[in-house]
Amino acid sequence: KIPNYRYDLRLSHVNHITPRLDFRGQFEKISDYNFLKDFYEDRYYKDPQPPTFAALEYQFDRFSASLYVRPKVNYYNTETERLPEFRIDTPRQELFKNIYDQGETSAANLKMRWRDYDRARTAGNLIDPEDYAAFRFDSLHMFYYPFKLFDNINLIPRLGGRVTSYSKSSRTKVDSDE
């Protein structure tokens, strides 16, 4: 159902609080699902569900740390909320003689919030999906060993690993084909 009064309220802000501390935020409340397509088609095709978020990031000498929050604002969108997510990013840097490390580690409280439907579902399995939540820890590290082969060929072999863990998982077993 299209409301009589349609609107798009969009506020965004970037603030360099200190030379090393930044705040970035965006709030976007839209009256209905079709508003962007009807009035701002170019924006709709770039991002049909613009996010609302707030992020605080501090740049240390050898890594950055950030706190990120992304709530659900528009009832008609399906959104994975991050309430909050803490993240540490390390750019590629030398650990030992000619061995480099690059990584990212995050811990997030995630909540899957499905869209609210205007009418009862009459197609498919007739069941609306239920919201669910889980805590996630994720860490990715890549190691590099660059060297020259002959005079003009550089090779950079790399080795990496990722660990991801959730506090809750599927009730049914999921195999690698799925």
*May I ask for the net charge around residue 146, where only other residues with Cβ less than 11 Å from the Cβ of residue 146 are counted and Lys, Arg are +1 while Asp, Glu are -1?*
+2
*Of the labelled options (i) 10, 38, 38, 14, 1; (ii) 8, 22, 27, 24, 13, 5, 1, 0; (iii) 10, 35, 31, 18, 7, 0, which one gives P(r) over Cα pairs in 10 Å bins from 0, in percent as computed for this structure?*
(ii)
*Taking a probe of 1.4 angstrom, what is the accessible area of residue 163 in Å², to the nearest 10?*
90
*Could you state the accessible area per residue of the range 20-118 in Å², with a 1.4 Å probe and every protein chain left in place?*
58
*Using a Gaussian network model of the chain whose springs link C-alpha atoms within less than 10 Å, name the residue from 113, 87, 62 with the highest mean-square fluctuation.*
62
*Where a Cα-Cα gap under 20 Å defines reach, which aspartates and glutamates qualify for residue 72, not counting those fewer than 8 residues away within the same chain?*
8, 28, 32, 47, 81, 85, 116, 118, 128, 130, 131
_Once neighbouring chains are kept in place and the probe is 1.4 Å, which whole percent of the accessible area of the chain is contributed by carbon and sulfur?_
55
*Across the range 45-50, in residue order, what do the Karplus-derived ³J(HN,Hα) couplings come to in whole Hz, using 6.51 cos²θ - 1.76 cosθ + 1.60 with θ = phi - 60° and x for Gly and Pro?*
6, 7, 7, x, 10, x
*Show that you can apply the helix-only estimate: for the chain, add -39,500 (n - 2.57) for every DSSP H stretch of four or more residues, divide by all residues, and state [θ] at 222 nm to the nearest 500.*
-1500 deg cm²/dmol
_Could you compute how much accessible surface residue 94 exposes when probed at 1.4 Å, giving the result in Å² to the nearest 10?_
90
*With every protein chain kept in the model, how would you rank 16, 141 by accessible area, 1.4 Å probe, largest at the top?*
16, 141
*What FRET efficiency do you get for residue 95 and residue 67 if R0 is 35 Å and r is their Cβ-Cβ distance, rounded to the nearest 0.05?*
0.85
*For 72, 173, 148, what's the largest-to-smallest order of accessible area, 1.4 Å probe?*
173, 148, 72
*State, to one decimal in nm, how far the label point of residue 114 lies from the label point of residue 86, with both points 7 Å from Cα in the Cβ direction.*
3.2
*So how much accessible area does residue 142 have, in Å² to the nearest 10, using a 1.4 Å probe?*
50
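The values are calculated or read from the model by the stated rules, or taken from the named source; none is laboratory data. Here the structure is a predicted model, which means the values were calculated and not measured. A quick note on method: Cβ atoms are made from the backbone with ideal geometry, for glycine too, and the neighbour counts reach across all protein chains shown. Calculation scope for accessible area: heavy atoms of the full protein, side chains included, ligands and nucleic acids excluded. Shrake-Rupley method; radii C 1.70, N 1.55, O 1.52, S 1.80 Å.
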